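Derivation of every value follows stated rules applied to the coordinates shown; laboratory data play no part. Just so it is clear, the structure is predicted and the values come from calculations on it, not from any experiment. Cβ coordinates were reconstructed from backbone atoms using ideal geometry, including for glycine residues, and neighbour counts include every protein chain displayed.
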Amino acid sequence: MVIGILALQGGFQAHRKTLDALGVATVEVRLLSDLHHLNGLILPGGESSTMLKLLEREDLFAEIGQLGKNGLPILGTCAGAILMCGKVIGSGQKSFGFIPAAIERNAYGCQRESFETSFPISAWGLDQVHALFIRAPRFTELHKEVAVLSTLGEDVTGIQYKNYTAVTYHPELTADVSFHRAWLKQNRILEEDR
């Protein structure tokens with residue numbers, strides 16, 4: 001099994017470190033040829049508009065879009081979640097449109113207003129997931145078929161739709177590997193006993 005991690009910009013190294021800790025092979029996706037034979041793909045946090053420009057420059061946008069439509073499990077964290085939603089509030093920014101949801105960029109303020117917290121993801125059997133919110137976006141509208149995975153107060157912070165998972169936080173920036181393990185198991189990429 002091999003998980004691709006989009007490595008054009010942003011926090012891809014932290015995802016790789018987390019998957020390494022789980023014994024999962026990874027490939028850093030920078031070229032079209034890096035997308036072959038993947039069992040899943042992670043769109044990391046970073047700057048979504050910059051990622052979008054680089055995706056188009058490297059001719060990756062259309063191919064990733066097709067892989068998603070073909071059923072490849074895709075996880076988007078923070079900026080990756082922005083790229084996955086059908087509507088980006090207030091920017092008119094292009095996206096893959098994988099998930100019928102709207103998202104607002106930088107909803108929690110600037111860098112200095114970032115924070116760390118723990119919360120459950122009951123649908124995945126996780127009592128506590130530790131994660132960071134860094135200039136985090138916020139889901140503002142969800143289609144009725146989109147499942148809510150996690151919340152923080154009244155805000156939805158994690159969603160799942162078909163083969164797509166999007167979260168507004170960074171589970172990869174902590175020592176807690178439970179989120180990634182659960183995502184791999186939910187998508188039948190990792191065996192249950194690992």
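Structure notes:
- Number of residues in the stretch 35-62 that are loosely packed, with under 15 Cβ neighbours inside 10 Å and among the acidic types (Asp, Glu) equals 2.
- One residue from ALA7, ALA102, ALA62 being in contact with a strand residue (DSSP E or B) (Cβ under 6 Å, 6 or more places away or on another chain), aliphatic (A, V, I, L, M) and under 30 Å from LYS144 (Cβ atoms): ALA102
- Taking the stretch 149-178 as the range and being farther than 18 Å from LEU43 by Cβ and in a helix (DSSP H, G or I) as the test, only SER178 passes.
- If the condition is being closer than 9 Å to THR168 by Cα and not basic (Lys, Arg), then the stretch 135-152 contributes ALA136, PRO137, PHE139.
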